[in-house]
Amino acid sequence: MAVGLALTLLSTAFACAPTEKPASAGGALQIVTTTGMIADAARRIAGEHAEVVALMGPGIDPHLYKATESDVRKLSDADLILYQGLFLEGKMGDILGKLSSSRPVLAVGEVIDESVLMQPPAYEGQFDPHVWFDVGLWAEILLPITDALSELRPEHAESFRANAAAFAEQLQAMDQWVDESIATIPEEQRVLVTAHDAFGYFGRRYGLEVVGLQGLSTLAEAGLKDVDRVVDIVTSRQIPAMFVESSVPRRSIEALQASCREAGWEVAIGGELFSDAMGAAGTREGTYPGMVEHNVTTLVTALGGRLDSPFPGNEEGSS
């Protein structure tokens, strides 16, 4: 659906609703998020006191996502809307902005201090929105979500705080596990080659060089110069593997692999990484910790490292 039509539907919804939507009295809060990563955090903090719906499921590219009529209805009925911000949901900006006049709307990525956000030179004036790849940085969204929930349900504020603290403790242990696991990859092989430049925070935090065929957004298409640049890096340094992404068509990486082969270097496709979306609901990869575990395990295995310690919190299973 075009943004213009979505805004028309949104205007109609506003015409039939009060100017400011009160939180659902007494019952579970209705929370709508854009991405699964945000939904996972909201569910863990809210617990039984909220029903959380993510608009963008497995394999969905948030850079290209357009709100549907069903999405607009869900957003219009929400007590709280959580989205990434930093232009990740570029095609939904107008809709989310209009909704903020009638109910709490929080851009979780924009609560992080700008001094620690990445601003690639090619995207002057625009921050990299993919902050969830730095586990410690992602933990900074927990307090703002907790505060938003507590304002809507002050009687459950203590429960929200306890849940957030428990998740923050798990994220701290996870951050250390990722750091130690990536450090087992031979230094000369700590190069992450993917379809688009989503892993900048991951590389900065855990010591990998990140090479993306496309830019920050999948809206930008890779050109011949981009292909030549990456092929030169992979072949000259004999990088053993490159990776496809769950939310980006694999054809670009497969074509890159073929170009490297023509240049005399056989590079493997080391596996699929979850970048802008998590795995399917009900699977381990459909949770934020499970997504992190999958990505790190895939990277370490393909790039010649080893997993010396178990993943923290693995006993929780899928949720």
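Tabulated values for the structure
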read-out: For Val53, residues with placed amide H under 5 Å, excluding near neighbours; value: Ile31, Val32, Thr33
read-out: Over the chain: helical MRE at 222 nm, DSSP H runs n ≥ 4 each giving -39500 (n - 2.57), nearest 500; value: -12500 deg cm²/dmol
read-out: Amide hydrogen neighbours beyond the local backbone of Ala241, cut-off 5 Å, H modeled; value: Ala268
read-out: Candidate aspartates and glutamates for bridging to Lys225, where Cα separation is under 16 Å - those fewer than 8 sequence places away on the same chain excluded; value: Asp197
read-out: Quotient of C-alpha Rg and 2.2 N^0.38 Å, computed over the range 63-213; value: 1.19
read-out: Area of His156 that stays accessible when all protein chains are in place (1.4 Å probe, Å², to 10); value: 50
read-out: Fraction of accessible area attributable to carbon and sulfur, the chain (%, probe 1.4 Å); value: 51
read-out: Relative contact order [Cα under 8 Å, 6+ residues apart], the chain, whole percent; value: 17
read-out: Selection of GluC sites (Glu not before Pro), the range 104-166, meeting DSSP coil and at most 11 other Cβ within 10 Å; value: Glu124
read-out: Residues with amide H under 5 Å from that of Leu192, placed H, sequence gap 5 or more; value: Glu209, Val210, Val211
read-out: Viscosity 0.890 mPa s, temperature 25 °C, Stokes-Einstein D of the chain from Kirkwood C-alpha radius, µm²/s; value: 119
read-out: Residue among Ser70, Ser252, Ser150 with the largest mean-square fluctuation in a Gaussian network model of the chain, springs linking Cα atoms under 10 Å; value: Ser70
read-out: Dipole of the chain [Lys/Arg +1, Asp/Glu -1 at C-beta], most positive-end residue of Tyr201, Met242, Ala183; value: Met242
read-out: Mean accessible surface per residue for the chain, computed with a 1.4 Å probe while every protein chain stays in place, in Å²; value: 43
read-out: Cα→Cβ-extended label distance, 7 Å offset, between Ala166 and Arg250, nm; value: 3.7
read-out: Rg/Rh for the range 52-98, where both radii come from Cα atoms and Rh is the Kirkwood radius; value: 0.91
read-out: Dimensionless Rg over Rh [the range 232-272; C-alpha; Kirkwood]; value: 0.96
read-out: Rounded Å value of the spacing that divides the Cα centres of the range 228-293 and the range 37-80; value: 27
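The values are calculated or read from the model by the stated rules, or taken from the named source; none is laboratory data. Note that the structure is predicted; figures quoted are calculated from it, not measured. Note: ideal-geometry Cβ built from the backbone for every residue, glycine included; neighbour counts use all protein chains shown. For the accessible areas, the whole protein counts, side chains as well, though only heavy atoms, and no ligand, DNA or RNA atoms are used. Shrake-Rupley method; radii C 1.70, N 1.55, O 1.52, S 1.80 Å.
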